[in-house]
Structure formats: structure tokens, C-alpha cells
Amino acid sequence: MSEEFEPNIVAFLCNWCSYAGADLAGTSRTHYLPNVKIIRVMCSGRVNPLFLVNALQQGADGVLISGCHPGDCHYLEGNFFARRRFMLMRKLLEHVGVDPARVNMSWVSASEGAKFKDVVDEVVTKVKEVGPMDQFRRRQINW
Amino acid sequence: MVDEKKLQDKARETLSRDDVRRLIGWKRSTYGYEAAPAVLTDASEADQLIFDPTCVQNPASFISLEEKKPVPRGQEPDTRKIAVMVKGCDSRAIVQQLVEKAYNRDDVVVLGIPCIGVIDRRKAEKLFGETGKQVKAKVDKEKVAVDIGGDVKTVDRKDILMDKCLRCRYPNPLVSDFLLGDEVEKWADDDFADVDEFEKMTPEEKWKHWDEQLSKCIRCYSCKSVCPMCYCVECVVTQQKPQWTRRSTDISENAAYHLQRAWHLAGRCIECMECQRVCPVDIPIMELNRKMTREVKEMFDYEPGVDAEAEPLLASYNPQDPEDYIM
């Protein structure tokens, strides 16, 4: 059996826009790739960059953070903070040799089920190209 | 350079003030290329204070370290100030702590010292070997004269000063109540050539470099203990619930620790290079911080520790921030 590399993508979706967008993609029977594991957070501003490092440690090959479009945040400005944070975190990971294609961010609103499918497909293709994340994955899971 | 007599007189005067609790400065260490930090409470101790290029340590680290004990009922809390001697780079730490409201400007008395440069212990040990003798030093515009137990050696200052001094843009304190000595002229500039050099590597080479360096880490947490910006009462790396980084020293946890350390200093690091100086296994920690400093400057046009009125970088935003990678 030939085994093609199937990446693990952890997606942090904001409760108000992107999670609803993903829900819409599901209810409208859109086929998006099953590599993505969704974690619902209340706001993209809730996502601590430590989550990202931890996900990469524990077996994720790529991470997607998704929130409302700028200006549409339920909490008014959470996604603006998130944007600054992940811009920096991406550069930092790039500096230690982690391919920046592994860190993705997108703005998906509740009505953009089709866009969510496109985003997921693009992320999975990008991460497939760079291959499995084996740089600082945790080797001893039960220590 | 600073006249030591004048410095001690000013320290004595400051310590005898009723509203000053203690003074943090430098004193001669028993041996080696670095002076020891001195925490004085009495004016009579002031004559041990010194300032010369061996005074590397950043005294601004100590201000927020003091344990805040609960005040017994019926007693007033001690609201006296802390006096602290700072070089130009150390003063940026104070500015950044003020930006973050770690304490109020009225809680500290800042004795500023214009500085031309301080000695890098590692460079000195490479030149003259380790020493068990007391070291004094003098610096002028060209040379550094190092006096190792009476044996004076002169070297070009580019060969022995800390890297931060070779790209120092703030030789004069940015915040000070009293300036000890005359202001000095800025003689260096920062062009981030070291970061550019590093960026030429491919991702595989970068990871190979960090794999090698971070595997050495023994997680003594010296870098975070000495950092003037790491003053949280409970640090995220040592907290148990939730435990973000495990305590084992394998490359996974070490990388996670150093990434989160660099990340927490993004837009806050004032490049005093204390973390790299104290590292017992010589990890080039500043390479991570330098990268962050440059990105912060290029993307958000922000420089930490310069303007005490500024908003902290990550607690503010601009709707026009770059977002070229966002889908």
C-alpha cells in the first residue's frame, strides 16, 4: 500500500465567524479535505502563540488560525491583535527553520462556507508540499 | 568616563535622603572580568561603588525583583524609592518597564551614567585567558586598557567590547534624574548586519544551527531570571497548571521554551544582552531577539524602550498593519 503523506492541520476558528463559516460549509454539503482538526475558540485574539508551538510539538504539521474580517470582530478588535501576533510568530518560526507555510491565517466570515473550503484546500496543499513537521515534535509522548 | 569620587558622593547623598530605601549599582568583584552588582542600604557603604567598563550587569533587572511582603496590620507599607544606576542601555529597560506600568516613575531615582562601552567576558577570556585576579578597565575613543591584577594590557576596543556596544545607539541614559558625567557622543550604529547574515541560510541550515544550539540548553532559566523584562510573578514556563512546557531537556521542550521566551520579548526586548551573557552553555540567545527587534522595527515601525509614553506593541494595533500572508 503506497502511503501518501496526509498532513495534520490544527485549525483555531473563532466562534462568531469562522466556526459558523465552517458549519455552513458542512451544512451545505461542501467537501473540504478531512485533514483539518477544528478547535473552536471564542475569538482569534484568544489564540496564544503558545498554542501554535504546542500544536507543532504534539504532532500537527500545520496550523490555521481563522477569524472575522478586520472590523467585523464580535469583540471589536480581537482580530487586530491576533494579526500582529501571528505576523511576528511566523517570522520567529521562520528564523528557527520552520517553514512559514505551516502557519496560516485567514479571515472567514459566517457566510463564507465556500471560502472556508478554499482556505482548507490551499493550506493542505501547501503543507503537503513542505512535508511532515519533524523538527521539534515531542518524541516522548508519555514521559 | 565617570569620576568615581563624584559617583560615590552622589550615591552617598542619595542614600541619605529620607525617601530612598536602597541603591543598586556596581562594586568591584573579587575576581574576573565582570563587576558585581551592589545593593546598598546605608550611606556609609557608598565608597565601594564603582563604574568602569567591567560594569556589565543591568541593574534595572533588580527593581521589580524585590519581594513584596504582606504588610502587618497597623503598619504602613514602605513607599520609599529605589535608586538605581544605569548605563544608556539599562535606561531603556527602565523606560520599557514604565511603558508596561511595572512601577511608577516616582518609585525610582535614576542615576544615569553615559557609557562608551563595557567588556565582554567571553572576548576577554579569549584574549587574556581566564583570571583569578581582580580586573579594572578603562576605555577611551580607540582603546580599552585592561588592568588584570596590576598587569595592564591595551587592546582595540572593537576586539573586547560587548556586541551591543559595537552597535550602541543610546550611549546616554534616556531617562535619568541625575546625570553622572558628561554626555558622550554616539559612535556606532545598528544596521542589523548580523540578522541579514543569518537570513542567508536555508531553512534546513537554520534548523541545524538551532538544533545544535538548543540541544545544549540545560533549562537553568538564567536567561529569564536575569532579563529586566521578565518580571512576571509566575512565569508561564514554570507554572504547573496548565503546564505549557515540560521540564525535560530534550530538543522539543527546549525549542518550545526558547521560542516562547523570544516571543514574550517581541516588541519588549531592549537588547541589553544579559540573557546571552549569563548563559552557562553559550547559546546565542540574542539571535532570536535580534530577529524580533528587526521585524518589529520594519513591520510596525516600533522601537521598545525609547518613549515612556508609547503604547506596548502587542497591546495596541493599527488597522493598516501588514497582512500579506492572510488568506
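Quick look at the values:
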item: The range A:27-43, residues that are in contact (Cβ under 8 Å) with a residue 60 or more places away in the chain and surrounded by 14 or more Cβ atoms within 10 Å (Cβ to Cβ); result: A:Thr30, A:Tyr32, A:Leu33, A:Asn35, A:Val36
item: Qualifying residues in the range A:67-84 (those that are facing chain B (nearest Cβ under 7 Å) and over 14 Å from the mean Cα position of the chain (by Cα)) - the one surrounded by the most Cβ atoms within 10 Å (Cβ to Cβ); result: A:Arg84
item: Meets criteria (outside any loop (DSSP other than H, G, I, E, B) and in the same structural domain as B:Ala35 (by TED's automatic domain parsing)) for B:Lys141; result: no
item: Single residue of B:Ile119, B:Ile94 found to be farther than 21 Å from B:Tyr33 by Cβ, buried (at least 21 other Cβ atoms within 10 Å of the Cβ) and among the aliphatic types (A, V, I, L, M); result: B:Ile94
item: A:Val63 facing chain B (nearest Cβ under 9 Å) and of a type outside the set (Gly, Ala, Ser); result: no
item: Answer residue from the range B:245-268, given it is more than 22 Å from B:Leu313 (Cα to Cα) and not in a helix (DSSP H, G or I) and is farthest from the other protein chains (Cβ to nearest Cβ) among those; result: B:Thr249
item: Any chance B:Met327 is of a type in the set (A, V, I, L, M), outside any helix (DSSP H, G or I), surrounded by fewer than 19 Cβ atoms within 10 Å (Cβ to Cβ) and at the interface with chain A (Cβ under 7 Å from one of its Cβ atoms); result: yes
item: Condition broken by A:Thr27, with the remaining ones in (1) over 16 Å from A:Val119 (Cα atoms); (2) in contact with a strand residue (DSSP E or B) (Cβ under 9 Å, 6 or more places away or on another chain); (3) among the β-branched types (Val, Ile, Thr) satisfied; result: (2)
item: Answer residue from the range B:295-324, given it is charged (D, E, K, R) and assigned to a loop (DSSP other than H, G, I, E, B) and is surrounded by the fewest Cβ atoms within 10 Å (Cβ to Cβ) among those; result: B:Asp324
item: Selected residue [touching a Lys or Arg at 6+ places or on another chain (Cβ under 8 Å), among the aliphatic types (A, V, I, L, M) and farther than 30 Å from B:Lys208 by Cβ] from A:Leu92, A:Leu13; result: A:Leu13
item: Some residue of the range B:124-137 being surrounded by 22 or more Cβ atoms within 10 Å (Cβ to Cβ) and closer than 29 Å to B:Lys10 by Cα; result: yes
item: Residues of the range A:79-117 satisfying the condition of being in contact (Cβ under 8 Å) with a residue 60 or more places away in the chain and small (Gly, Ala, Ser); result: A:Ser106, A:Ser109, A:Ala110, A:Ser111, A:Gly113, A:Ala114
item: In the range B:189-214, residue farthest from B:Ser252 (Cα to Cα) [restricted to those that are away from every other protein chain (no Cβ under 14 Å) and surrounded by fewer than 16 Cβ atoms within 10 Å (Cβ to Cβ)]; result: B:Asp189
item: Count of residues meeting criterion [more than 27 Å from B:Asp196 (Cα to Cα) and more than 7 Å from chain B (Cβ to nearest Cβ)] in the range A:85-120; result: 12
item: Close pairs from the range B:25-39: first touching a residue at least 40 places away in the same chain (Cβ under 8 Å), partner crowded, with 17+ Cβ neighbours inside 10 Å and of a type in the set (Lys, Arg), Cβ under 8 Å, at least 6 apart; result: B:Arg28/B:Lys136; B:Gly32/B:Arg121; B:Tyr33/B:Arg121; B:Glu34/B:Arg121
item: Segments classed as helices (runs of 4 or more DSSP H), wholly inside the range B:4-105, with at least 2 members that are aliphatic (A, V, I, L, M) and closer than 18 Å to B:Leu174 by Cβ; result: B:60-63, B:88-99
item: Residue among B:Arg277, B:Arg290 that is over 30 Å from A:Ala101 (Cα atoms) and either within 11 Å of chain A (Cβ to nearest Cβ) or among the basic types (Lys, Arg) (or both); result: B:Arg277
item: Conditions (1) in contact (Cβ under 8 Å) with a residue 24 or more places away in the chain; (2) surrounded by 17 or more Cβ atoms within 10 Å (Cβ to Cβ); number of the one not met by A:Tyr19; result: (1)
item: In the range B:278-294, the residues that are surrounded by fewer than 22 Cβ atoms within 10 Å (Cβ to Cβ) and among the charged types (D, E, K, R); result: B:Asp282, B:Glu287, B:Arg294
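Residue-wise test of (1) in contact (Cβ under 8 Å) with a residue 60 or more places away in the chain; (2) touching a strand residue (DSSP E or B) at 6+ places or on another chain (Cβ under 6 Å); (3) surrounded by fewer than 22 Cβ atoms within 10 Å (Cβ to Cβ).
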| residue | (1), (2), (3) |
| --- | --- |
| B:Met229 | yes, no, no |
| B:Arg247 | no, no, yes |
| B:Asp250 | no, no, yes |
| B:Ala255 | no, no, no |
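The values are calculated or read from the model by the stated rules, or taken from the named source; none is laboratory data. Since the model is a prediction, treat every value here as computed from it, not as a measurement. FYI the Cβ positions are ideal-geometry reconstructions off the backbone, even for glycines, and counts take in every protein chain you see.
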